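The values are calculated or read from the model by the stated rules, or taken from the named source; none is laboratory data. None of these values were measured; they are calculated from a predicted model. Positions of Cβ are generated from backbone atoms using ideal geometry, with glycine treated the same way; all protein chains shown enter the neighbour counts.
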Amino acid sequence: MVGVDAPSRAMPGPRVIFLGPPGAGKGTQAARLAAHLSVPRISTGDILREAIAAGTPLGRQAGPIMEKGGLVPDSLLIGLIDERLGGQDCARGYILDGFPRTLPQAEGFEGMRCGDAVAEVFVFNVDVPREELLRRLSGRRWCPTCQSTYHVDNNPPKKDLLCDREGARLIQREDDKETAVARRLAEYDARTAPLVEYYKRRSRFHDIDGYRPVESVFGELTAIVGGGR
Ligand code: AP5
Ligand code: MG
């Protein structure tokens, strides 16, 4: 008998994981690539921020951890992504932005509905010098309504500090403040960076120089994954 998840196995579309430290440009590139490939972008940071705004049990648990720059427990993230990848819109591919970011999460991913063929997954490891990461994070501004991202110098909104799409007032993410950024970078070094070696051996792994204009990074990504539909 054919199971409900059989179509995703029979016709796997592009599946992409973005690795890289905070501020490397994962979200910026993931959003563009998702539009280019017509597949969903699944940003765990955005999902958690939405849960916080909505005051759900997940949001209440994640909020205080995220604010300080820590990582939310693996079991919560694994459950959340397993459920999300079961969605019909993921059957033809997806972009993961922010997951996995620990070894237990990477192992959990391989037991999931759409995550079984890890050898077929594109993994982009976006790297940027630390000094530039700090510049990007301190200048980032964010729309709390639609989650669009800007930068005060290199990607400013058209008008004052208002979102181009929503007109909402842009704010600084709580975890983009100095102390939380230091903790996020330390968490990245200790718990996420080991995934580079993990995926080098298991997936279609590519190191990507993220210290270039957005268009130039995007051009390299599309050359690797191929054109849109
Ligand atoms: P998340 O929202 O995923 O944050 P992050 O990984 O720290 O990454 P950022 O969103 O800060 O950076 P980015 O690489 O997306 O860069 P962006 O494109 O915005 O996670 C937040 C928190 O949620 C975590 O700390 C954790 O608590 C929790 N969480 C999420 N997932 C989890 C998981 N799996 N497990 C446990 N906890 C989890 O770009 C940054 C800035 O630079 C922007 O202003 C942008 O305009 C600019 N920029 C981008 N590209 C360029 C470029 N090429 N040149 C110049 N400027 C650029
Ligand atoms: Mg992001």
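Being of a type in the set (D, E, K, R) and surrounded by 19 or more Cβ atoms within 10 Å (Cβ to Cβ) is a description that applies to Arg84. Checked against (1) farther than 21 Å from Cys90 by Cβ; (2) of a type in the set (Gly, Ala, Ser); (3) modelled with pLDDT of 95 or more, Ala53 passes all but condition (3). Would you mind stating whether Arg141 is within 20 Å of Gly20 (Cα to Cα), within 18 Å of the chain's Cα centre (by Cα) and without any contact (Cβ under 8 Å) to a residue 60 or more places away in the chain? Yes; evaluated as a whole, the condition is true for this residue. Here Gly219 passes the criteria (1) surrounded by 14 or more Cβ atoms within 10 Å (Cβ to Cβ); (2) free of Cβ contacts under 8 Å to residues at least 24 places away in the same chain except the one numbered (1). Going by what's in this entry, would Ala53 be described as more than 13 Å from ligand 1 (Cβ to nearest atom) and either basic (Lys, Arg) or in contact (Cβ under 8 Å) with a residue 24 or more places away in the chain (or both)? Yes: the conditions hold for Ala53.
Filtering the stretch 184-214 to residues that are within 18 Å of the chain's Cα centre (by Cα) and among the acidic types (Asp, Glu) leaves Glu187, Asp189, Asp207, Asp209. In the set Tyr150, Tyr199, Tyr211, only one residue is over 25 Å from Glu50 (Cβ atoms), touching a strand residue (DSSP E or B) at 6+ places or on another chain (Cβ under 9 Å), aromatic (Phe, Trp, Tyr) and within 8 Å of ligand 1 (Cβ to nearest atom); that residue is Tyr211. Would you mind stating whether Phe124 is at pLDDT 95 or above, in contact with a Ser or Thr (Cβ under 8 Å, 6 or more places away or on another chain) and within 14 Å of ligand 1 (Cβ to nearest atom)? No.
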